[in-house]
Structure formats: structure tokens, C-alpha cells
Amino acid sequence: KKSFSSGLTAMEKKLAEYKCNTNEAIQLKLVRFPEDLEDDNTTFNPEYSHQVFGDDEVAFGYKGLKILLYYIAGNLSTLFRIEYTSKVNEKFDCVEADDVESKIREIIPPGFCTNTDDFVSMLEKEVNFKPFGMLLHTYSVHNEEAGEDITYQIYKADMTCLGFREYHERLQTFLMWFIETASFIDVDDERWNYFLVFEKYNKDGATLFATVGYMTVYNYYVYPDKTRPRVSQMLILPPFQGEGHGAQLLETVHRYYMSSPTVLDITAEDPSENYVKLRDFVLVKLCQDLLCFSPGKLMQGFSQEMVTEAQQKLKINKHHTRRVYEILRLRATDMGDAEQSRSYRLDVKRRLIGPYKKKQRELAKMRRCLRPEELTNQLNQIDLNMQHEQLEESFQQLVSDYRRVLERLAQA
């Protein structure tokens, strides 16, 4: 009996060596020059691969597995290859390796190449690649390494642009690796708008364009004659993160819709924490010069005037305007002054307590049906103490988020 169980663990140990973490196995590159192919510094890995490889993010059956997904920097033509040092063998090991190739093929569009030579010859044609759609905004960022300013451009595209549909299919594969709950959109629905960020770079005396990131926005219809654009997906590719491109993109999109009389305001679908921080910064930057946000008016509290002006002039949604007000009021408040800081704290907590109060009323209703009177009061008391602690915690967290926004604003 003993020998059987130790035999099993030896087998298990052997099989365990054939498990690979797919976040490490997948190697992504955005290639500008042939030498990028050999340069490890240009490689980056996914943050997520659970949508393709399951919650464990593991591929079974290979040792030293590498899943190469290399993209030409501009038009994103793709090289896809799988490499490994050894693979389990059905004949000897009685187990089958995962079909990694077909899992990747499910998310990358056909037309990719599988060998490096083809890829390099495609790279030579990259000089012909131009951004899609209409140029909305140009900006530059000083790059320390290069010791110069690099120019970026933001374009608005749609499916009528020649070649854009195929390009978008290649671009959206990145969502799977960097957005936790990503899904592909229905591009045949004409209410989608696409906003793209490109970097201009030089190669052998020519100007080329590299893909930096993008945003998709869906135009919801609002009765009777307005639309409410909703930001759906936004991704700045990892090599470009932390350089301010997200803020440039979001501000440009806001400015694009600001000029449209039929747009009511802009919202977002299920925004991540990072997106909310980015939006706080961009909206505060846009709003800080509006008359309704002057320090005197901020101290009088949140007003309908703020809601109206931010919506009409800047297409900002009411809930977001409330956050902008709280951030700007924090800037105008002397938190060292007991009276001012108390007034600020109460003002924010009054908003935070709304959902609690609603819950409280619902609980009370339920308990009236379920429990004797005295128990209800006791429970309400416990709830209140917890509620105060949670409220204070939420408040402190908000203030520290708000301070970060203000710091970034001071540097902008």
C-alpha cells in the first residue's frame, strides 16, 4: 500500500514540473526595429490570463513554455509562436498536454504569421502605416531616456475607415491580458466611437506611428433627442503607462463631446479604481476655473448651479460633479482650522451616509416582521457604532484619494 502512494507522489511531482504560469509564459512585444525581437527589455507580460487559461492561470503539459505574441508597433500585425523545452507524451505519461495553440487562436484574429522571417519582412512595410480617422489632439511629453520631446496624437476612428476593422480586432486582444473582466464588443453596432493614441517616431529618416492605447465609447440614446456617451473600455499599453496618456485621452474625449449640443453628459461602465482616479484628475482640471467652483461658492456647499454648469459646459455627470466639488472644496479648506474641517467632514459624511440610511430603513422594515421590539433597538445600536467606524474609514480613504488628485493637479 505504501509503495503505491509514494509511486503516486513521484508521478505527481513529475507532472507538477509540467505546469506553467501563463502570465509568465505569455511574452508580448511591440516591435519597431528588427533588433527589438532579441531585446528582453522590450518584452512585457500579461496582468491576467484567466479568461483564456482558467482561474488558475496555468497551462499543463509543457516545460519551459513560451507563448510569443509579438506585434508590429503600429498596425499590430502579429507573430504567434509556441516554444517549450519538453512536452508530456500521451503514450508514456498517459496524460494530454493542454491545447495552448487553439486557446490563443480563439482570441487573436486569423492572418498572423508563425515565423520570424515573415514578421521581419512585414516590419519593412510598416512605413506605410498611418493612423485611422480624424486627428483630434497633438501633445508632446519630454522623455528623459531619449533626452527629447516625443509627439503623440489622438484620433477618432470608426468602422468606415479602410482597414480599421481588422486593426481593431488585433488591438482588442490586449484587453484580455490587461482588463480583468474584458469582453469584445459588437463592432457592427454603429453607436460605438473609437479613440486612438499614437506616438510618432523616426526610423531611417521616415516618420512612423506606434499604437499607444485606445478607448471605446458607446452612445446611449436619451429621450427625446440626446445621447449619453458611456466609456466602455480604456487601455494604455504597458510600455506607455505612467506617462500621462490616459489623462490626455480622457480629456480629449471630453472635449470632443463638449462641442456637441446633443450630448447630455458622459458616464462610464463599471469603472476600475484606477479609472476613477484618472477621471477625478481630468474633471477637476476641467472644472477648477468655472465660476460656480470659486472658493466662496465651494464653502456654501454643493449646489444645483454646479450640476447645471458642469453638465452644460463640460458634459460632466451629476455624480462626478459632486466628487469634483468635494475635491475642490478640500483644496479651499484649511483642515488645520477646527471649524472648517468639521464643516467639510460633515458635508462629505452626509453624502456617504445616504446608502447606509437607506439600508437601515430596509433592515428596520424587515425586523419589524421578524423580531421582538427590544432586540430591534439593540441591533440598531450595534449597527450605528459600526456605521460610524465605517463612515470614518470611508471618509479618511476619500480624503487621501482626493489629496493625491490635488498633488497631481499642482504638478500639471
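What the table below lists for this structure:
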{"quantity": "In the stretch 121-159, the residues that are assigned to a loop (DSSP other than H, G, I, E, B), within 19 Å of residue 236 (Cβ to Cβ) and open to solvent by 60 Å² or more (accessible area, probe 1.4 Å)", "calculated": "144, 145"}
{"quantity": "Strands (runs of 3 or more DSSP E) lying entirely in the stretch 188-290 (those with 2 or more residues that are basic (Lys, Arg))", "calculated": "192-203, 226-236"}
{"quantity": "Test: residue in the stretch 72-86 that is free of Cβ contacts under 8 Å to residues at least 12 places away in the same chain and either touching a strand residue (DSSP E or B) at 6+ places or on another chain (Cβ under 7 Å) or in a loop (DSSP other than H, G, I, E, B) (or both)", "calculated": "no"}
{"quantity": "Yes/no for residue 306 being outside the structural domain of residue 406 (by the TED database), aliphatic (A, V, I, L, M), open to solvent by 20 Å² or more (accessible area, probe 1.4 Å) and on the phi < 0 side of the Ramachandran plot", "calculated": "no"}
{"quantity": "Residue 316 being touching a residue at least 24 places away in the same chain (Cβ under 8 Å) and either open to solvent by less than 20 Å² (accessible area, probe 1.4 Å) or within 23 Å of residue 259 (Cα to Cα) (or both)", "calculated": "yes"}
{"quantity": "Strands (runs of 3 or more DSSP E) wholly inside the stretch 9-69 that include at least 2 residues being open to solvent by less than 60 Å² (accessible area, probe 1.4 Å)", "calculated": "26-31, 58-60"}
{"quantity": "Restricting the stretch 96-122 to residues that are touching a Lys or Arg at 6+ places or on another chain (Cβ under 8 Å) and hydrophobic (A, V, I, L, M, F, W, C), the residue that is farthest from residue 35 (Cα to Cα)", "calculated": "97"}
{"quantity": "Unmet requirement for residue 222, which otherwise passes all of (1) loosely packed, with under 15 Cβ neighbours inside 10 Å; (2) not assigned by the TED database to the domain that holds residue 154", "calculated": "(2)"}
{"quantity": "The stretch 321-367, residues that are open to solvent by less than 20 Å² (accessible area, probe 1.4 Å) and in contact with a Phe, Trp or Tyr (Cβ under 7 Å, 6 or more places away or on another chain)", "calculated": "325, 326, 327, 328, 329, 330, 333, 348"}
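The values are calculated or read from the model by the stated rules, or taken from the named source; none is laboratory data. Treat the numbers as computed from the prediction; the structure is a model and nothing was measured. Note that each Cβ is placed from the backbone with ideal geometry, even for glycine, and that neighbours are counted across all protein chains shown. All accessible areas refer to the heavy atoms of the entire protein, side chains included, with ligands and DNA or RNA removed. Shrake-Rupley method; radii C 1.70, N 1.55, O 1.52, S 1.80 Å.
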